[in-house]
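Structure record follows, encoded as structure tokens.
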Amino acid sequence: MAETVSQTLSEDLFKLLQKERFVTLGTVDHESGAPSLSSLSWTFAVSADTIRFAVDNRSRILANIAKEPQVVLHLIGAGSSFAINGRAVVKTDRLEGVPLKLAMVEIKIEAVRDIMFYGSRISAEPQYEKTYDKNAAAKLDNQVMTALKDAN
């Protein structure tokens, strides 16, 4: 598939990021300068040009972003694989209404690229399951996603 470049999320990608889903985040390690990759699930598209995510406030991701705010979010969905590049900033060190100490990071999107290799499409999206109490997981997920959505 030919690479398409946009400065905002398409309607399909925006819809995918209205609920919790598996994505990966690429940052630059603050100590080594090497690429660093992390898996996330608590992501939310506020608008076509802004994505928020929640992460433990002790996460190495935060130190990486503080030193180098350029990030890439990798999303598999809508039949393809997408790289969403942007500048990240820690908006709060502690999300309100959430029992865990989670920071909220906001990414201002600079480019969205279809990075799927030629002649292919994604036939099944990644899936995961919570390995702890299902009711507790659902309650926490709801609290975090609501906090990401409602934050100023």
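Under 19 Å from a label point 7 Å along Cα→Cβ of Thr50: give me every residue in the range 1-25 with its amide N that close. The answer is 7-11, 13-20. Result for the chain in a Gaussian network model with C-alpha springs under 10 Å: among Gln18, Gln127, Gln70, the largest mean-square fluctuation is at Gln127.
For the range 77-98, backbone nitrogen atoms closer than 19 Å to the point 7 Å from Asp133 Cα along Cα-to-C-beta are found at 97-98. Along the range 140-152 the Karplus relation, 6.51 cos²θ - 1.76 cosθ + 1.60 evaluated at θ = phi - 60°, assigns HN-Hα couplings of 5, 4, 4, 4, 5, 5, 5, 5, 5, 5, 8, 4, 7 Hz to successive residues, with x for each Gly and Pro. Rounded to the nearest 0.05, the FRET efficiency derived from the C-beta distance between Ala34 and Arg94 at R0 = 35 Å is 0.75. The amide H of Thr43, built 1.01 Å from its N in the peptide plane, has Arg21 as neighbours under 5 Å, considering only residues 5 or more places off or on other chains.
For the chain, the 222 nm mean residue ellipticity estimated from helices alone, with every DSSP H stretch of n ≥ 4 adding -39500 (n - 2.57) and the total spread over all residues, rounds to -6000 deg cm²/dmol. A simple spin-label model places pseudo-atoms 7 Å from Cα toward Cβ; at Lys108 and Lys67 they are separated by 2.3 nm.
Could you tell me the center-to-center distance, by alpha carbons, between the range 104-142 and the range 21-65 in angstrom? When both Cα centres are located, 12 Å separates them.
For the chain, count all C-alpha to C-alpha pairs, find those more than 20 Å apart, and express that count as a whole percent of the total.
The answer is 49 percent, as a whole percent.
Here, each number is a calculation from the coordinates, and none is a lab measurement. What you see is a predicted model; the values in this text were computed from it and never measured. We place every Cβ from the backbone using ideal geometry, glycine too, and count neighbours over all the protein chains shown.
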